[in-house]
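See structure below.
The values are calculated or read from the model by the stated rules, or taken from the named source; none is laboratory data. As the structure is a computational prediction, the values presented were derived from the model and not from experiment. Please note: Cβ atoms are built from the backbone with ideal geometry, for glycine as well, and neighbour counts cover all protein chains shown.
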């Protein structure tokens with residue numbers, strides 16, 4: 001009887017819907033849809049900065065209307081290599097992909113939203129996870145900055161940790 005109750009409880013818990021993104025529209029939008037021009041090749045252009053972003057995190061692919069697959073996690077060195085591979089393959093016809101600077105990554109944080117703190121119309125299926133930046137932090141342990149998109153805050157991370165990657169191109 002106890003075993004059956006445990007299994008029922010476990011199955012009931014697994015069937016619960018995922019918590020949806022929460023947005024407070026009383027706050028000013030920091031990365032509104034109107035700031036981005038969607039392109040047919042799985043990228044968006046930030047009309048303010050002129051930077052081009054992949055709409056999907058690395059590991060996912062653009063199917064013409066959304067992202068599919070699963071974002072992959074990389075240590076910082078592997079993240080740099082993965083971006084170099086995008087350039088070698090001329091993804092979206094470009095060879096200037098790179099890890100974004102911390103300030104660039106912060107520019108796509110949507111402060112109206114939480115879980116994740118990003119505009120999901122622009123960057124669908126963004127996990128509530130950390131994304132690497134190219135901004136390094138000096139210390140005895142090799143570190144770099146990342147943005148945790150559950151709430152959009154920046155953190156210092158050990159370069160041996162695994163986080164996700166959202167490449168950017170352009171100046």
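Go through region 25-47 and give me each residue that's over 14 Å from residue 109 (Cα atoms), out of contact with any strand residue (DSSP E or B) (no Cβ under 7 Å at 6 or more places or on another chain) and part of a loop (DSSP other than H, G, I, E, B).
Filtering region 25-47 down to residues over 14 Å from residue 109 (Cα atoms) leaves 25-26, 34, 37-45, 47.
Pick out the ones that are also out of contact with any strand residue (DSSP E or B) (no Cβ under 7 Å at 6 or more places or on another chain) and you get 25-26, 34, 40-41.
If the condition is that a residue be over 14 Å from residue 109 (Cα atoms), out of contact with any strand residue (DSSP E or B) (no Cβ under 7 Å at 6 or more places or on another chain) and part of a loop (DSSP other than H, G, I, E, B), then 25, 26, 40, 41 are the ones that fit.
Among the residues in region 133-146, are any crowded, with 19+ Cβ neighbours inside 10 Å, under 11 Å from the mean Cα position of the chain (by Cα) and closer than 23 Å to residue 22 by Cα?
yes
Checking the condition modelled with pLDDT of 95 or more and within 24 Å of residue 132 (Cα to Cα), which residue from 61, 34 passes?
Details: 34 fails: within 24 Å of residue 132 (Cα to Cα).
It is 61.
In the list 86, 105, which residue meets the criterion of being at pLDDT 95 or above and within 17 Å of residue 157 (Cβ to Cβ)? Before you say what the answer is, go through the steps one by one.
Values: 86 fails: within 17 Å of residue 157 (Cβ to Cβ).
After ruling out the rest, the residue left standing is 105.
Select from region 55-74 the residues that are in a loop (DSSP other than H, G, I, E, B) and surrounded by fewer than 18 Cβ atoms within 10 Å (Cβ to Cβ) and list them in ascending order.
59, 63, 64, 65, 66, 70, 72
Which number in (1) under 15 Å from residue 129 (Cβ atoms); (2) within 14 Å of the chain's Cα centre (by Cα) marks the one condition that residue 75 misses?
So residue 75 meets the others, but not (2).
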